[in-house]
Amino acid sequence: MTKLNELSPREGSVKGRMRVGRGPGSGKGKTAGRGVKGQKSRSGVAIAGFEGGQMPLHMRMPKRGFNNPFAKEFAEVNLWRIEQAIAAGKLDAKKAIDADVLLAAGVIRRKKDGVKLLGKGELKSKLDITVWSATEGARKAVEAAGGKLTATRPEKAEKAEG
């Protein structure tokens, strides 16, 4: 068995780095592949996005909208996907279902800030499901199948008059 200190890459898989500026015989001597003169031949140059004094494209484009840094991002699940997982035996409809169970069953990839249940597809199984929020259609479908849906999203507080 190979020891950690004896590990090395396979023969021919790693190419040596180019050593520039080491004489004419190397093929990369003198100007070291940078051409002749000019700003880009010198060290310390960073001109990505510079357009010779013309207003750069990223500054010409209009700014639109607003990105809320505090916005919550949800893992969205449709009813048909849950029904599919139950049919495949990955979910047990008799047990309580929440984000951790959906993650373990492979229905969602990550929990993010919570799970939102969407109403696409039909539900045949009776479920006891706990999610962050659900659409009106999803809520009706779960209750029509005889199940129970619990939304953990806090209710919006009424604004005090004043």
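Inspection of region 88-95 finds no residue satisfying the criterion of being of a type in the set (D, E, K, R) and outside any loop (DSSP other than H, G, I, E, B).
When you scan region 79-87, do you find a residue that is aromatic (F, W, Y) and within 18 Å of A134 (Cα to Cα), even just one?
Yes - at least one qualifying residue is present in region 79-87.
Would you confirm, using the coordinates I've provided, whether V20 is more than 30 Å from G121 (Cβ to Cβ), surrounded by 10 or more Cβ atoms within 10 Å (Cβ to Cβ) and touching a helix residue (DSSP H, G or I) at 6+ places or on another chain (Cβ under 9 Å)? When the stated conditions are applied, V20 passes them.
Among the listed residues S125, S133, identify the single one that is of a type in the set (S, T, Y) and farther than 21 Å from F74 by Cα.
Criteria check complete, one pass: S125.
Restricting region 96-133 to residues that are part of a loop (DSSP other than H, G, I, E, B) and basic (K, R) leaves a set whose member that is nearest to K156 (Cα to Cα) is K111. Contact map, region 139-152: first residue over 11 Å from K124 (Cβ atoms), second residue polar (S, T, N, Q) and at pLDDT 90 or above, Cβ cut-off under 6 Å, separation 6 or more or different chains; pairs are T150/T130; A151/S133.
Quick check, is R64 exposed (fewer than 11 other Cβ atoms within 10 Å of the Cβ), in contact with a Leu (Cβ under 9 Å, 6 or more places away or on another chain), free of Cβ contacts under 8 Å to residues at least 40 places away in the same chain and assigned to a loop (DSSP other than H, G, I, E, B)? I'd like the intermediate steps shown before the answer.
Working: exposed (fewer than 11 other Cβ atoms within 10 Å of the Cβ): yes; in contact with a Leu (Cβ under 9 Å, 6 or more places away or on another chain): no; free of Cβ contacts under 8 Å to residues at least 40 places away in the same chain: yes; assigned to a loop (DSSP other than H, G, I, E, B): yes.
Judged against the criteria, R64 is not a match.
The numbered conditions (1) within 19 Å of G119 (Cβ to Cβ); (2) at pLDDT 90 or above are all true for A93 except (2). Number of residues in region 1-48 that are acidic (D, E) and part of a helix (DSSP H, G or I) equals 1. Quick check: anything in region 28-50 under 30 Å from G137 (Cα atoms) and surrounded by 12 or more Cβ atoms within 10 Å (Cβ to Cβ)? No: zero hits.
Regarding R139, is this residue in a helix (DSSP H, G or I) and surrounded by fewer than 18 Cβ atoms within 10 Å (Cβ to Cβ)? Yes: the conditions hold for R139.
The values are calculated or read from the model by the stated rules, or taken from the named source; none is laboratory data. As the structure is a computational prediction, the values presented were derived from the model and not from experiment. A quick note on method: Cβ atoms are made from the backbone with ideal geometry, for glycine too, and the neighbour counts reach across all protein chains shown.
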